[in-house]
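A.B. asks: Got a structure here, written out as structure tokens. Questions coming.
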Amino acid sequence: MFVETFDENRQSCVHVCTVHKRAVCFSGPSAKKAKKAKEPEAPVLYEDPPDKLVSKDGRDANMKITSWNVDGLRAWVKKNGLDWVREEDPDILCLQETKCAEKSLPAEITSMPEYPHKYWAGSSEKEGYSGVAMLCKTEPIKVTYGIGKEEHDKEGRVITAEFPSFYLVTAYVPNASKGLVRLDYRKTWDEDFRSYLSELDMQKPLVLCGDLNVAHQEIDLKNPKGNKKNPGFTPEEREGFGQLLEAGFADSFRQLYPEQTNAYTFWTYMMNARTKNVGWRLDYFLLSSSLLDGLCDSKIRNKALGSDHCPITLHIAV
């Protein structure tokens with residue numbers, strides 16, 4: 001008579017003969033079941049290093065700007081997004097994908113005393129779609145909305161503020177959409193937006209921040225091979241971003257951290273992507289080349305929750 005048992009020394013199933021007290025090894029389903037399951041690999045996370053507050057030319061940072069795609073302002077406020085903002089305490093806060101008409105803005109944000117100067121842009125055709133905001137501690141010289149082309153401006157995607165030594169532009173760049181149905185429109189946007197920025201740059205240098213809806217290089221997303229035909233990583237969108245850099249603007253994060261991997265700002269809500277750090281870097285601070293000497297740091301605040309994007313922060317001496 002045989003009794004099945006598990007031999008810890010052999011790490012296999014054996015049958016023990018109860019008459020002769022001998023162990024006999026058997027292969028088969030029981031042995032297979034005893035095999036140890038392969039441990040899943042631990043995700044590689046990005047650790048945001050301590051903030052640098054001095055520029056390479058030795059100046060102290062005197063401007064702090066934060067940008068965050070909040071994926072719905074009202075929901076983000078309910079998730080205590082403003083608590084994080086108060087702790088971060090930027091001089092200027094830029095928000096994208098607010099999805100909220102000005103008449104429906106939560107009182108918690110419209111009444112914020114820390115930011116007496118608040119500016120909102122939303123879609124003129126679809127309420128609860130797109131939308132950007134800019135909240136400032138210091139009043140800008142001038143604020144404008146859009147880029148001067150109705151086909152783009154009706155979606156409420158751009159606010160520009162003029163300050164004494166620079167322009168600040170916040171943008172929510174259109175997505176090419178599922179099936180790339182808006183890719184042709186996106187290519188038109190990229191060209192028109194680049195022209196708009198170049199014209200501003202001729203007057204005074206600028207900072208562009210926001211969700212630019214493109215991962216520029218393979219290092220900027222977790223799975224480049226599987227996404228080459230998906231919105232945000234098509235050759236056309238990547239080329240459009242490259243042309244923006246060629247026009248004289250610099251990706252502040254890559255200026256400081258050119259080889260940094262696993263640094264993302266967006267994770268889909270599906271498949272536990274954020275916990276696994278399967279993400280994309282879609283949110284940027286781009287600077288006119290003349291501002292680069294004053295660049296102190298470009299931060300990815302990936303521990304801040306409340307949206308499918310995390311906030312990013314710029315420290316600069318202007």
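The values are calculated or read from the model by the stated rules, or taken from the named source; none is laboratory data. Only a predicted model underlies this, so the values are computations on that prediction, with no experimental measurement involved. A quick note on method: Cβ atoms are made from the backbone with ideal geometry, for glycine too, and the neighbour counts reach across all protein chains shown. Just the protein is used for accessible areas: all its heavy atoms, side chains included, with ligands, DNA and RNA removed. Shrake-Rupley method; radii C 1.70, N 1.55, O 1.52, S 1.80 Å.
A.B. asks: Rounded to the nearest 500 deg cm²/dmol, what is the calculated helix-only ellipticity per residue at 222 nm for the chain, with -39500 (n - 2.57) per DSSP H run of length n ≥ 4?
C.D. replies: So the helix-based figure for the chain works out to -5500 deg cm²/dmol.
A.B. asks: If you place +1 on the Cβ of every Lys and Arg and -1 on the Cβ of every Asp and Glu, how big does the dipole about the Cα centre of region 63-316 come out, in debye to the nearest 20?
C.D. replies: About 860 debye.
A.B. asks: So who's got an amide H within less than 5 Å of the one on Leu206, skipping anything under 5 residues away but keeping other chains? H placed 1.01 Å off N, in plane.
C.D. replies: Counting only residues 5 or more places away or on other chains, the set is Tyr167, Ser288.
A.B. asks: Between Glu125 and Met202, with labels modelled 7 Å along Cα→Cβ, what's the label distance in nm to one decimal, could you check?
C.D. replies: If labels sit at Glu125 and Met202, their model points lie 3.0 nm apart.
A.B. asks: On a full-extension model of 0.36 nm per residue, what is the gain between Leu305 and Ser111, subtracting their alpha-carbon distance, rounded to one decimal in nm? If you can, show how the numbers build up before the last one.
C.D. replies: Working: separation 194, 0.36 × 194 = 69.84 nm, distance 2.25 nm.
Residue separation times 0.36 nm, minus the Cα-Cα distance, leaves 67.6 nm.
A.B. asks: Please report the accessible area of His216 (heavy atoms, 1.4 Å probe, ligands and nucleic acids excluded) in Å², nearest 10.
C.D. replies: 30
A.B. asks: Pop a pseudo-label 7 angstrom from the Cα along the beta-carbon direction at both Glu246 and Lys79 and give the gap in nm to one decimal.
C.D. replies: 3.7
A.B. asks: While we're looking at this one, here's another question. Please list, by residue number, every one of the GluC sites (Glu not before Pro) in region 178-267 that is coil in DSSP and has at most 15 other beta-carbon atoms within 10 Å. Present the calculation step by step, with values, prior to reporting the outcome.
C.D. replies: On the way: sites: Glu191, Glu199, Glu218, Glu236, Glu237, Glu239, Glu246, Glu259; in loops: Glu259.
Qualifying residues, ordered by number: Glu259.
A.B. asks: On to the next question. Mind running the shape call on region 63-316? Use the C-alpha gyration tensor, a ≥ b ≥ c as the square roots of the eigenvalues: rounded below 1.5 for a/c, prolate if a/b tops b/c, oblate otherwise.
C.D. replies: Since a/c stays below 1.5, the shape of region 63-316 is classed as rounded.
A.B. asks: Also, I was wondering about something else. Report the residues of region 286-318 in range of a label on Gln255: point 7 Å along Cα→C-beta, backbone N strictly under 16 Å from it.
C.D. replies: Answer for this model: 286-300, 313-318.
A.B. asks: Using the Karplus curve 6.51 cos²θ - 1.76 cosθ + 1.60 with θ = phi - 60°, what ³J(HN,Hα) values do you get for each residue of region 64-70, in whole Hz, with x for Gly and Pro?
C.D. replies: Karplus-based 3J(HN,Hα) across region 64-70 equals 10, 10, 10, 10, 8, 7, 8 Hz.
A.B. asks: From the backbone phi of region 227-232, what are the Karplus-calculated ³J(HN,Hα) couplings (6.51 cos²θ - 1.76 cosθ + 1.60, θ = phi - 60°) in whole Hz, Gly and Pro given as x?
C.D. replies: 10, 5, 10, 9, x, x
A.B. asks: Compute the distance in nm between two label points, each set 7 Å from the Cα along the Cα-to-Cβ direction, one at Lys142 and one at Lys276.
C.D. replies: 5.0
A.B. asks: Take peptides 41-52, 155-166 and line them up by average Cβ neighbours within 10 Å, highest first, as a rough protection proxy.
C.D. replies: 155-166, 41-52
A.B. asks: Residue separation times 0.36 nm, minus the C-alpha to C-alpha distance between Asn223 and Ser177: what's the value?
C.D. replies: Gain in length upon complete extension: 14.7 nm.
A.B. asks: Using amide H atoms built in the peptide plane, which far-off residues or other-chain residues are under 5 Å from Lys222 H to H?
C.D. replies: Gly279
A.B. asks: While we're here: Quickly rank 98-106, 121-129, 291-299 as a protection proxy: mean count of other C-beta atoms within 10 Å, highest first.
C.D. replies: Details: 98-106: 17.7, 121-129: 16.0, 291-299: 20.1.
Listed from highest to lowest mean packing, they are 291-299, 98-106, 121-129.
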